[in-house]
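Report on the following structure.
Values quoted throughout were computed directly from the atomic coordinates according to the rules given, and no laboratory measurement underlies them. Just so it is clear, the model here is predicted, and its values are computed rather than measured. Positions of Cβ are generated from backbone atoms using ideal geometry, with glycine treated the same way; all protein chains shown enter the neighbour counts.
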Amino acid sequence: MNKSYSILISLIVALGGFLLGFDSAVISGAVKGINSYFGMTDAMLGFAVGCVIFGAMLGNLLAGPLADKFGRKPVLIVVAALFTISAIWSALATGYTEFIIARIIGGVGIGGAILIAPIYIAEIAPPKLRGSLVSFNQLNIVLGISVAYFSNYFLVNYGNESWRWMLGVEAIPAAIYFFSLFTVPRSPRWLIMNLNKVKIARKTLIKIGGEEFADLTIEEIQRGVEKKEGKGKLIDLLNNRYATIMIIAIGIAFFQQITGINAIFYYAPTIFEQAGGSTDSSFLQAIVVGLINLVFTLVAIWLIDKLGRKPLLLIGTTFMTIALIMATLAFNNASYNFTETTLNKVNDDEIKMILTPLQGKSFSSQTALFNEVKINLTEDQFLTFKRNEISNFISINSILVLIAILLYVAAFAISLGPVMWTLISEIFPSKIKGIAVSVVGFFNSLVSFSVTQVFPWQLSNLGPTATFGIYAFLSMCAIFFVYKFVIETKGKTLEEIEALLIKR
């Protein structure tokens, strides 16, 4: 078996994951800049950050059917072009609407990359390596996130409009991805199932695993073709035969996002500033988050074909719950103190003057603080206070917050992060794979969009205690879902998994 060839192909295709991660996380450093430049409300800011997921939903819907019709490789090439266009345009945007359109284009690329790259890798990977190779996509996602945090840190003080450089630098890896995709072969499974090009597929399969592997794989694929009952349609997903598959896929896609991972990635510096950190230190802490994510994704790749999918999910969701409870307790025990020192930290002189009579007061919760402060401030001043000034007054165990966030990210990185996409690429039978992954990907992006859209409002209105408490409860629900419904797919061929899950 030629492991190096499989690994090389997987790494090239998984560069889409790098761009996905970079595009998703780079906005965290640009939040303050775009907020100031475009003069946004909470809702506008939430949409500016989350609109990329709105585009991803469109990409999800289009990617599966297009990949089934034209092949995996051509769709990935288009995806790379979209990333390049989005990076350049969003960096040059001068209006809010223009910026949103540019980011949505990148989102369409994300929607395509997140679905088609794992499918392609799963279709070319030998069963014993499939979990690890598919996880390369998640590894590249977290590598992209880490690089974005580093990039933001070094560019944060690069001129008054440093956010433009943060967003524009993505065009470099996007262009590299575009050209490198022309060097990878087309999916052997797709070639046989859609064009009956067995000879071309066999050449690729021989490079991957030798002649015996190629013959056995072709035989399995052709048996699957004989069983196929035409192309899958949307209505097929409601067929009772696929009930178990859809429950697993929809459930795991829901819990991957509803437990708040993208809120953490997109707003990491904001969260650390809420815990009393300075701008520079919050960006450094965001870098640490990215590195932890990277390290534990490597751990997941090492374990996923040894320990299995379900054990990793159970371990990860358990520690995610513990971490979110820790964050909830940290913010719940925080206090807000008005002293001469904390008041002098306020940047807005008018707000400082209005708040000066509160000197000597202390508040045990964010709700009590807001109830007192908003009486004296205008609506715009209150918004500025919530966004930019509240961190000056908080007294909190910031180390506990940092540990909680790092534990949460580490637990996600060994479980819901890589395992969800591995399972999605494995459990759907060939007949419905294209349409099914599009629907599940769309749903996953819809949940992610909802989380990122609501998060700024949650922090401002519910406070971090209630926000993290909600995520902790949902993470606990994820544990029970995994235990009850998820099956183990380790070491099984795609055809064996199909036979196990489909009700005949």
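Can you report the principal axis dimensions of segment 335-395 using only the alpha carbons, biggest first, rounded to whole angstrom?
So the extents along the principal axes, rounded to whole Å, are 24, 23, 19.
Which three extents, in angstrom, do the Cα atoms of segment 365-477 have along their principal axes, listed largest first?
63, 31, 22
Taking θ as phi - 60°, what are the ³J(HN,Hα) couplings along segment 328-338 by the Karplus curve (6.51, -1.76, 1.60), each to the nearest whole Hz, with x for Gly and Pro?
Each residue's phi maps through the Karplus curve to give 4, 5, 4, 6, 5, 8, 6, 10, 10, 10, 9 Hz.
Translational D (Stokes-Einstein, µm²/s) of segment 1-122 at 4 °C and 1.567 mPa s when Rh comes from the Kirkwood sum over C-alpha pairs? Each step should come with its number before you reach the end.
Numbers: Rh = 15.0 Å.
Stokes-Einstein gives a translational diffusion coefficient of 86 µm²/s.
Considering amide H positions built from the backbone, and no H for Pro or chain starts, which residues 5 or more places from SER187, or on another chain, come under 5 Å of its amide H?
Answer set, sorted by chain and number: ARG72, LYS73.
What do you get for the angle between helix 433-457 and the principal long axis of the chain? Use alpha-carbon atoms, 0 to 90 degrees, nearest ten.
Approximately 0 degrees, to the nearest 10.
To the nearest 10 degrees, how steeply does helix 3-13 sit against the main Cα axis of the chain, on a 0 to 90 scale?
So the helix axis and the longest Cα principal axis differ by about 50 degrees.
Placing +1 at every Lys and Arg Cβ and -1 at every Asp and Glu Cβ, with all other atoms neutral, what dipole size does segment 335-395 have around its Cα centre, in debye to the nearest 20?
220 debye
Treating the angle as unsigned and between 0 and 90°, give the value, to the nearest 10°, between the Cα long axis of helix 416-427 and the longest Cα principal axis of the chain.
So the helix axis and the longest Cα principal axis differ by about 30 degrees.
Based on other C-beta atoms within 10 Å, arrange VAL79, VAL184 from fewest to most.
Going from sparsest to densest Cβ surroundings: VAL184, VAL79.
Would you list CYS51, CYS477 from fewest to most Cβ contacts within 10 Å?
CYS477, CYS51
Using only C-alpha positions, report the orientation-averaged shadow area of the convex hull of segment 116-163, nm², one decimal.
4.0 nm²
Exceeding 25 Å between C-alpha atoms, which entries from my cross-link table qualify? They are LYS69/LYS492; LYS199/LYS490; LYS197/LYS490; LYS3/LYS73; LYS3/LYS69; LYS306/LYS431.
LYS69/LYS492; LYS199/LYS490; LYS197/LYS490; LYS3/LYS69; LYS306/LYS431
Considering the options LEU355, GLN366, PHE385, tell which one lies farthest towards the positive end of the dipole of segment 335-395, charges being +1 on Lys and Arg and -1 on Asp and Glu at the Cβ, about the Cα centre.
Among LEU355, GLN366, PHE385, the one farthest towards the positive end of the dipole of segment 335-395 is GLN366.
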